[in-house]
Amino acid sequence: YKPIDPHMLTNKASVFFELQRHKQAQARELEERTAALRVNEMFMAVLSHDLRTPLMSITAAATVIKRQPDPDKVSAMADRVLSSSQRMSRMIEDLLDVTRIRQAGGLTLKLGAADMQAIVQRTLDEVQTGFPDRAIESTLQGNLAGVWDSERLSQVVTNIVGNALHHGSADRPVRVVADGTRPQVVTVSVSNGGTIAPDLLPHLFNPFRGGERAPGRNQGLGLGLYIAHQIVRAHRGSIAVQSQDGTTCFTVELPRESPPTEKWSQT
């Protein structure tokens, strides 16, 4: 009987654990590459449908204008061109944001003294012009001052309120509440009528959200909630959603002063 060399056992164990770590690292890398490939495929598939629609509208309007019809029709066609080009611009900006988030190391925040009351009021005025027939109610309370990126937070409010208007019940108002009554944080909640299917809730903040949306729908590329989530995280805040009993509510919680980092990375 030959005694077992403890050093040999240690070496074998070290090799085994190193192989396991290497195998796990390869599995993570494969998973990340597969996810990146899937997102890139979604980019191309969605873009090929969604950008085509406003582009066709612009082409048709330009064709009519070229024929020099009556002034009223020219004005209507010009409005269509403007609306379609704005839709295309929003889609492109969303894609650029996703590219920054996933590939360029993150978004750049321009932090400064900000007022959530001004952000919410200005944003809701802009959103209301696009939905003149929908009721949007707001409640602003407490001290709503903080150190944030105002433009990015306006984008958050726009995306969440826009989601509520597109998917919420048309016969119930969208309610926005900005609450600054706590000393360290400010919260913004957006609620609407309607309930989100339970199987969709875990994926709401994913880009494109799989098969939830059909290509060609006017609300955009399905990136709004994903970008909102990433902007809130960049401010070291949180965003959550509750949907039950016929009501859906998104709640954003922000520290009054976000860390003064120029960029943040997706994790």
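So the values come out like this:
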| read-out | value |
| --- | --- |
| Summed side-chain charge close to Gly180 - residues other than Gly180 whose Cβ falls under 15 Å, Lys, Arg +1, Asp, Glu -1 | -2 |
| FRET efficiency estimate (nearest 0.05) - Cβ-Cβ, Ala76 to His203, R0 30 angstrom | 0.15 |
| Under Karplus coefficients 6.51, -1.76 and 1.60, residue-wise ³J(HN,Hα) of region 54-67 in Hz, glycine/proline x | x, 5, 5, 5, 5, 4, 5, 5, 5, 5, 5, 4, 4, 7 |
| For region 71-76, Karplus couplings with θ = phi - 60° (6.51, -1.76, 1.60), whole Hz, Gly/Pro x | x, 4, 5, 4, 4, 5 |
| Long-range amide H partners of Ser169 with built H, under 5 Å | Gly193, Gly194 |
| Rounded to whole Hz, the Karplus (6.51, -1.76, 1.60) HN-Hα couplings of region 173-182, x for glycine and proline | x, 8, 10, 10, 10, 9, 10, x, 7, 8 |
| FRET efficiency, 1/(1 + (r/R0)^6) with R0 45 Å, evaluated for Met8 and Val241 via beta carbons | 0.20 |
| Radius 14 Å from Cβ of Lys23, net charge of other residues (Lys, Arg +1; Asp, Glu -1) | -1 |
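Values in this text are rule-based calculations from the coordinates and carry no lab data. Nothing here was measured: the structure is a model prediction, and the numbers come from that model. Using ideal geometry, Cβ is built from the backbone for each residue, glycine included, and neighbour counts are taken over all protein chains shown.
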